[in-house]
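Any read-out appearing in this document is the output of simple, stated calculations on the displayed coordinates, not a laboratory observation. In this text, all values refer to a predicted model and were calculated from it rather than measured experimentally. No Cβ is skipped: glycine too gets one built from the backbone with ideal geometry, and neighbour counts run over all protein chains shown.
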């Protein structure tokens, strides 16, 4: 019996080595992601006063307060993703094409270093920097750009700036990885065929980077949607967000049932919005292709290639 078990183990390692190697990660995901999610979903089907199955918690999520909070989170998430894309795509191009190969790793390391610090500490550092007795405020006031009654906090623009600071690595690394893997001979061939720098970017670099852009957009959107610390500290708590609803239900009201429903309702909303934007983008590119030349890879928008 023992020999048979040893034989099966050896056979598994030989024939399914990749699956066996991935098993610890799979078990971890099941124990600490899937099972807790199932427990939360089960709790969301009951109210705090009754154990009868009901959708009352989900119905309450359609109220004006919840709808406004989810809308604010959607706007925050997509503005953050867009700002990160506009910042990281040129930055990735500069790092790959205008910095020596020996220095690229050091530059990326320098850009990633702030993310090694605790997330809350980074937010508080911005808070102390932006408040009225902070260094940045004093510098701008000394330059005559701000007066004594002005404030850099409780500002939507500054909130987006801090959000980009916190989450741009999730956009930069996938885009840079795609751009760095482009064969230089393809770019040389584009130039030899008479393409300008813009044409090379539009017809070669951008289509070959679409997978990284899609991955970065997805990650930044999802993590930004649940953010509550940055809007609370930097934005002054002027608006309600999805993350605030979850925190209030779990920590302040101790209503885990309603909090669980808020979590899953928000997940459904953000996933539906992503699918809607994906479909709208494909439709827009299809319409534009009748007026301008759109690369076929962009028309397909296949992020899984």
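Look at the Cα gyration tensor of the stretch 235-293: its axes a ≥ b ≥ c give a/c of at least 1.5 with a/b at or below b/c, and that counts as oblate. If a/c stays under 1.5 just call it rounded; otherwise compare a/b with b/c (prolate if a/b is bigger, oblate if not). Do that for the stretch 141-235, with a ≥ b ≥ c from the square roots of the Cα gyration tensor eigenvalues. Since a/c reaches 1.5 but b/c is at least a/b, the shape of the stretch 141-235 is classed as oblate.
The ranking of 232, 102 by Cβ neighbour count inside 10 Å, starting from the fewest, reads 102, 232. Exposure proxy for 137, 110, 291: other Cβ atoms within 10 Å of each Cβ, ordered fewest to most, give 291, 110, 137.
Return the tail of the calculated pair distribution for the chain, meaning the percent of Cα-Cα pairs more than 35 Å apart. Value for the chain (Cα pairs over 35 Å): 39 percent. For the stretch 29-88 versus the stretch 142-213, the inter-centroid distance based on Cα atoms is 30 Å. Normalised by the number of residues in the chain, the average gap of Cα pairs under 8 Å and 6 or more apart makes the relative contact order 27 percent.
Determine, from the Cβ-Cβ distance of residue 30 and residue 103 and an R0 of 41 Å, the FRET efficiency 1/(1 + (r/R0)^6), rounded to the nearest 0.05.
Details: r = 42 Å, r/R0 = 1.03.
The calculated FRET efficiency here is 0.45.
By its C-alpha gyration tensor, with a ≥ b ≥ c as the square roots of the eigenvalues, how is the stretch 67-219 shaped: rounded for a/c under 1.5, else prolate for a/b larger than b/c, else oblate? It comes out prolate by the Cα gyration axes.
Could you put 66, 170 in order, starting from the residue whose Cβ has the fewest other Cβ atoms within 10 Å? Mind showing how you got there, number by number?
Numbers: 66 19, 170 22.
Ascending number of Cβ neighbours within 10 Å: 66, 170.
Normalised Debye scattering of the stretch 183-255 at q = 0.15, 0.20 Å⁻¹ gives log10 I(q)/I(0) of -0.66, -0.86, counting only Cα atoms as equal scatterers and leaving out solvent. Stokes-Einstein diffusion of the stretch 98-159 at 4 °C, 1.567 mPa s viscosity, Kirkwood radius from Cα pairs, rounded to a whole number: 92 µm²/s.
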